[in-house]
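Structure first, then comments.
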Amino acid sequence: MTKEKRPTATKSLEAYMLSVIRGRRGVVPLLLRGFLLLLALLHRVGLELYLLIYQVGLRRRTRLPRPVISVGNITAGGTGKTPTVHTLCRLLKEEGLQPAVLSRGYRGRFEHGSAIVSDGQKIRLSVQEAGDEAYLLARNLPGVPVVVGKDRRVTGALAIGQFQPDVLVLDDGMQFWQLHRDVEIVLVNALNPFDNGWIFPRGLLREPPSHLRRAHIILLTNAGRLTVAALEALRARIRRLAPGKPIFTADPVPGQLRFLADQVYVPAQWLAGRRVVAVSAIADPTLFESMIGELGGILAASFRFRDHHVYTPKEIEQVMEKACTVNAEAVITTEKDAVKLMPLRSARPLAALQVSMHIDAEHEFMTEVLKAVEEAQADRRW
C-alpha cells in the first residue's frame, strides 16, 4: 500500500511540527520543543485564570431557557464527536424529546455569524456555507434542526426562537465556556487518550486531563480496540482524574457503503477481497483505513488531507488516476468527505463508508443524560 501526500508547504510544516512535539531528534527540534513548552505553560496559566473568572462569578455563563447537552473533548479532534451527536439525537427522539443541534460550522461561510442549516425538513445551506460537519448532521438527521455559528449563545437563541426544541445539543461545545451546559459529555479516544500529555502548542490537548472533572459523563470511544486489561487501566486513570463521574464505552461501527454517483447502497461487506483506494480529510485517518481492512478491503493506496480540506478537481483527478494505476475497484471515502465530493462520475466508482457510534450500556447512558435534562427542566420552571 502507498500513501499519497499533498506536497504543500502548509502540510509539510504541520507534519514537521507534529514530529517535533512527538520527539523528533536533533538540536533544532529540541530547541523548538523548549519554545513550545514555554508557550504551553503560558497557555495553561491563561486558561486557568480565564476559567477562574467564571468559577468565582466575576463573569456569568449565559443560561438558555432550554436544557443544553454538550458533546466535546479535551483533545484536538479524532474522538468521534459528530457520530456521537448523531446517535445522541436519535436516542433523544426515541425518548420523545425534540433536539436541535448547534454546530460551529467550522470553515463554513457562517462560522462567524449564524444561520439555519436545516429546519428539520429541508437543508437550506450548501456544504460550503454550512461547513462539512454541520451539513453532514443536517443530511443524516431528518426532523432535527441544525443551526451553525461560533457563538452558541446566539445560535441557541435562534434555534429556540425558530423551532422551540426540548433540548439543545452542542457539537464540539466543551471549550465554549460562555454558555451554561446542563450535561457535559466528554469523549476520550481510548486508543490515544491524551496524546503526549501536553496542552497546545506543546501537544494536542485543548485542556489538561485534570479538566475531565468538569464532565458530567465521560465516553471512551474506540474502547473495543483495547484489551480488557488496557481498558481497565484507562478507566482507573479516568477515575483518578474525575472521581465519581460515570464512564461509558463506545465504538464506531460500519454501516453501508453509499455509491455517490447513483446513490446505490450496498452492505459494507462488499469491500471483502476488493482492492480499493482510500481518500479522507479527517483528524484520524488511520481508524478509517483500519476499518476498511477489517471489512476485508485491500487498501492499495491512501490519500490523506488535512481535516476539513476542500478538494480541488485536480486532487480528485489524481486520486482517480492512482486508483486506475493500482487496479482498484473503487475509491472509498468518509461521509464527512462525501458531502464535499458529490455528485461525481469518474473512471472508478466513489463510495462513502457510513459509520455510526454504538454506545455500550445505552440504556444506562441515556438514564444519566435524561436525569440531568429533567433536573434542568425542573430548575428552569422555578
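The values are calculated or read from the model by the stated rules, or taken from the named source; none is laboratory data. None of these values were measured; they are calculated from a predicted model. Reconstructed Cβ throughout: ideal geometry from the backbone, glycine too, with neighbour counts over all protein chains shown. Each accessible area value is taken on the protein alone, full model and side chains, heavy atoms only, with ligands, DNA and RNA left out. Shrake-Rupley method; radii C 1.70, N 1.55, O 1.52, S 1.80 Å.
Here Gln263 clears all of (1) modelled with pLDDT of 95 or more; (2) over 16 Å from Val71 (Cβ atoms); (3) open to solvent by 50 Å² or more (accessible area, probe 1.4 Å) except the condition numbered (1). For first residues located in region 166-192 and within 17 Å of Arg66 (Cα to Cα) and of a type in the set (D, E, K, R), partners that are open to solvent by 20 Å² or more (accessible area, probe 1.4 Å) and part of a loop (DSSP other than H, G, I, E, B) and lie 6+ apart or on another chain with Cβ distances below 6 Å form the pairs Asp166/Leu97; Asp166/Gln98; Glu184/His216.
A single member of Ile217, Ile282 is crowded, with 18+ Cβ neighbours inside 10 Å, of a type outside the set (Ser, Thr, Tyr) and under 18 Å from Ile359 (Cβ atoms), and it is Ile217. Go through region 33-78 and give me each residue that's more than 21 Å from Asp195 (Cα to Cα) and part of a loop (DSSP other than H, G, I, E, B). Scanning region 33-78 gives Val56, Gly57, Leu58, Arg59, Arg60, Arg61, Arg63, Leu64, Pro65, Arg66, Pro67. For region 264-293, the set of residues classified as among the aliphatic types (A, V, I, L, M) and closer than 21 Å to Lys314 by Cα consists of Val276, Val277, Ala278, Val279, Ala281, Ile282, listed by residue number. Only one of the numbered conditions (1) closer than 17 Å to Gly72 by Cα; (2) open to solvent by less than 20 Å² (accessible area, probe 1.4 Å); (3) without any contact (Cβ under 8 Å) to a residue 40 or more places away in the chain is violated by Asp151, and that is (2).
The set of residues in region 91-138 being within 30 Å of His363 (Cα to Cα), in contact (Cβ under 8 Å) with a residue 24 or more places away in the chain and surrounded by fewer than 22 Cβ atoms within 10 Å (Cβ to Cβ) consists of Leu91, Lys93, Glu95, Leu97, Gln98, Asp119, Gly120. If you go through region 315-356 and pick out every residue that is open to solvent by 10 Å² or more (accessible area, probe 1.4 Å), touching a strand residue (DSSP E or B) at 6+ places or on another chain (Cβ under 7 Å) and closer than 21 Å to Lys81 by Cβ, you end up with 5.
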